[in-house]
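Input: a single structure, listed below in structure tokens.
The values are calculated or read from the model by the stated rules, or taken from the named source; none is laboratory data. The structure displayed is predicted, hence computed values, not measured ones. Cβ: placed from backbone, ideal geometry, glycine included. Neighbour counts: every protein chain shown.
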Amino acid sequence: MKGLHKYLLVTRTSIRSNLAYTADFIAGSFFFVLVIFIFMQLWQAISISDGSTEGYTVNRLVWYYITAEIVVLSKSSVFRSMNEEIRGGGVAYKLNKPYSFVMYQLSDGIGQIIVKLIINAPLGLLLGYLYVGGLEGFRWESLPAVILSVVLGILLNFFMDAFIGMTAFWTEDNSAFYWIAQKLSFIFGLLMPLEFLPGVIKNIAVLLPFSYIAYAPARLLTSFSVGTMLDILPVQLFYTALFAVLSQMLYLSGAKKLNINGG
Amino acid sequence: MKRESKTDNTTGQKTTDVHGMDGVRGASDHSVSVPKHLKLLGLYIKYNLQSAMEYRASFISQALGMFLNNTFFIFFWWVIFQKVSSIGGYGFREVMLIWAMAAATFGAVHIVFGNVSRLPEVIMNGGLDTFLLQPKDVYMSVQCSTMNLSAWGDLVFGFVLFFAIFGLDPVKLLLFILFTCAGGLLVGAVLAAAGTLTFFIGNSSTIARMVMEFLLNFSLYPDSIYAKEIKLVMYTLLPAGFMVFMPIRLLSVFSWHGLLILLAVDAVYVAAAYIFFRKGLEKYESGNLIVTRQ
């Protein structure tokens, strides 16, 4: 527990620091409302045009999208932060500190994530209720699995961003990697359920980690069954652990070739 | 006029300053000579591009990354149109035209007016001092002094999509170029106006960011999915309608009347943003910030 105390302090400081930026809060909330509003209009228009929505009603599609957006928008700025630390040489000041660099970033990131969740989750629930009412066929017993899946989705997103951010040790500019990974997670789960994808692409998407960021929790909420839960949660857990280990390995490997000039 | 490649130490951002300081005439003398300013605009683009080419790998990766980034959304729309034949009267081809117009316009804005999104920070940090000392128009200089490299990916994407839709149709291509330039000026004007609010309220960076997000998002989906009230906003406060939707209608069914109305509206927005900035500039107070520019 003593070892964890320092990380809890980092998280607490991060929460306080993020709560101070009210303007960013407001901007983030407006953006959240905007994208939810646009997608509500889009699904409504598709449904009016008698489009096939793979068994999803507008109600379930809206709730799917809200859940997926809550996960994706409640992310930390770990990619930007790692880039700045590594490129700017700030990482040098952290090398000799009595903590793990990755754990430090995680603790700081959790602070940001908590603050964003405090805003996004109630706002998303409110928007959903106001627009389409409660989720059709919602089962209370699904809630623990959905919450666990949301947490795992957010952590997986964090470690994937950290993994890409760590490539700054080797590359001059890694933003293209970040954009591509981000858009893969949008296509494979955020913008639409995987069931919308053509057969072969869907089968590939189910195997990729990107689907386990937003699709997994949104699917669990809107189509809960014990079978779905057993299909989704172990894979989500596996990918989260895998990217956590890969981030740590990449950091250790990158730190060895770190070259800092000046002080 | 001499060229100096510079790195702004306050932001770490690489910029290119094309002003010679030997001809400084003071902040109040900004002769609005259109040919001279167009020439200066050309020089800004040229030198910013040359500066970008110094870091060729970074430039190409950013532009290519943005191009790929947009391609993912085309995939999204392709999947959606496998499920439905039209959304509010828009088919796949029309939605692609929306994306072509929006990508080219936003690309052009951030290539030519790369600093427009940073206007609130520039004003707040006293960064206008540098531009006020230069013998050219402050409004143009501050916006054109940097170039967003990834925006090249947007611009190229817009034109690739245009050719995929219309092929080599010279008349439509000329119109597309005209609409890209006009729309670019319009977006630049709206973003600059949002940034200019900083002169009056102290910090408008959040408002500017929201304006950018709303304008962009309203430009990427068929306007027919929205209610009348939202459409009203799209043709006034956040003129995505004049930026994307009216141009694509003119590309499909051209009319001189429509073209003249569009260009007149764009001109009104651009002039209003310029006047608003000049009014705001009267309130500007230097922070006496001393910045080392190398």
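Assorted remarks:
- All conditions but one from (1) touching a residue at least 60 places away in the same chain (Cβ under 8 Å); (2) within 12 Å of another protein chain (Cβ to nearest Cβ); (3) not charged (D, E, K, R) apply to B:Val211; the one that does not is (1).
- From the options B:Thr146, B:Thr130, B:Thr105, residue that is β-branched (Val, Ile, Thr), part of a helix (DSSP H, G or I) and in contact with a strand residue (DSSP E or B) (Cβ under 8 Å, 6 or more places away or on another chain): B:Thr130
- Of all residues in region B:74-87, those being at the interface with chain A (Cβ under 8 Å from one of its Cβ atoms) and in a helix (DSSP H, G or I) number 6.
- Single condition A:Thr228 does not satisfy, out of (1) among the hydroxyl-bearing types (Ser, Thr, Tyr); (2) surrounded by fewer than 24 Cβ atoms within 10 Å (Cβ to Cβ); (3) under 16 Å from the mean Cα position of the chain (by Cα): (3)
- Qualifying positions in region A:182-191 - more than 8 Å from every other protein chain (Cβ to nearest Cβ) and either touching a residue at least 40 places away in the same chain (Cβ under 8 Å) or over 22 Å from A:Pro217 (Cα atoms) (or both): A:Ser185, A:Gly189, A:Leu190
- Qualifying residue in region B:168-179 (condition: more than 21 Å from the chain's Cα centre (by Cα), crowded, with 16+ Cβ neighbours inside 10 Å and not hydroxyl-bearing (Ser, Thr, Tyr)): yes
- Qualifying residue in region A:180-194 (condition: over 22 Å from A:Tyr56 (Cβ atoms) and either of a type in the set (A, V, I, L, M, F, W, C) or out of contact with any helix residue (DSSP H, G or I) (no Cβ under 9 Å at 6 or more places or on another chain) (or both)): yes
- Taken over region B:56-65, residues that are within 7 Å of chain A (Cβ to nearest Cβ) and of a type outside the set (S, T, N, Q) amount to 3.
- Test: A:Leu125 is surrounded by fewer than 21 Cβ atoms within 10 Å (Cβ to Cβ) and not aromatic (Phe, Trp, Tyr): yes
- Every condition in (1) surrounded by fewer than 22 Cβ atoms within 10 Å (Cβ to Cβ); (2) under 14 Å from A:Val146 (Cβ atoms) holds for A:Met249 except the one numbered (2).
- Scanning region A:139-181 for residues being without any contact (Cβ under 8 Å) to a residue 24 or more places away in the chain and aromatic (Phe, Trp, Tyr) gives a total of 3.
- Output for region A:88-123, where each listed residue is of a type in the set (Val, Ile, Thr) and either in contact with a Ser or Thr (Cβ under 7 Å, 6 or more places away or on another chain) or farther than 18 Å from A:Phe169 by Cβ (or both): A:Val102, A:Ile110, A:Ile113, A:Ile114, A:Val115, A:Ile118, A:Ile119
Each row is one residue, and each column tells you yes or no for (1) under 25 Å from B:Lys279 (Cα atoms); (2) facing chain A (nearest Cβ under 10 Å).
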position: B:Gly188; (1), (2): yes, no
position: B:Gly202; (1), (2): yes, no
position: B:Thr206; (1), (2): yes, yes
position: B:Ala227; (1), (2): no, yes
position: B:Leu251; (1), (2): no, no
position: B:Ser255; (1), (2): no, no
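- Single unsatisfied condition, B:Leu220 versus (1) of a type in the set (A, V, I, L, M); (2) within 25 Å of A:Ser29 (Cα to Cα); (3) within 13 Å of the chain's Cα centre (by Cα): (3)
- All positions within region B:30-67 that are aliphatic (A, V, I, L, M) and without any contact (Cβ under 8 Å) to a residue 40 or more places away in the chain: B:Val34, B:Leu38, B:Met53, B:Ala57, B:Ile60
- Odd one out for B:Ile201, checked against (1) at pLDDT 95 or above; (2) more than 20 Å from B:Met101 (Cα to Cα): (1)
- Selection count, region B:219-233, where residues are free of Cβ contacts under 8 Å to residues at least 40 places away in the same chain, under 24 Å from B:Ile80 (Cα atoms) and of a type in the set (A, V, I, L, M, F, W, C): 2
- Residue under evaluation B:Ala192, criteria (1) at the interface with chain A (Cβ under 10 Å from one of its Cβ atoms); (2) crowded, with 21+ Cβ neighbours inside 10 Å, criterion not met: (1)
- When B:Val171, B:Val156 are checked against the criterion of being away from every other protein chain (no Cβ under 14 Å), within 16 Å of B:Gly107 (Cβ to Cβ) and either free of Cβ contacts under 8 Å to residues at least 40 places away in the same chain or not hydroxyl-bearing (Ser, Thr, Tyr) (or both), a single residue qualifies: B:Val156.
- In the condition set (1) in contact with a helix residue (DSSP H, G or I) (Cβ under 8 Å, 6 or more places away or on another chain); (2) surrounded by fewer than 21 Cβ atoms within 10 Å (Cβ to Cβ); (3) facing another protein chain (nearest Cβ under 9 Å), B:Met96 is compliant with all but (3).
- Counted residues, region B:177-208 - those being in contact (Cβ under 8 Å) with a residue 60 or more places away in the chain and of a type in the set (Val, Ile, Thr): 5
- Among the conditions (1) within 18 Å of the chain's Cα centre (by Cα); (2) surrounded by fewer than 21 Cβ atoms within 10 Å (Cβ to Cβ), B:Ala240 misses just one, which is (2).
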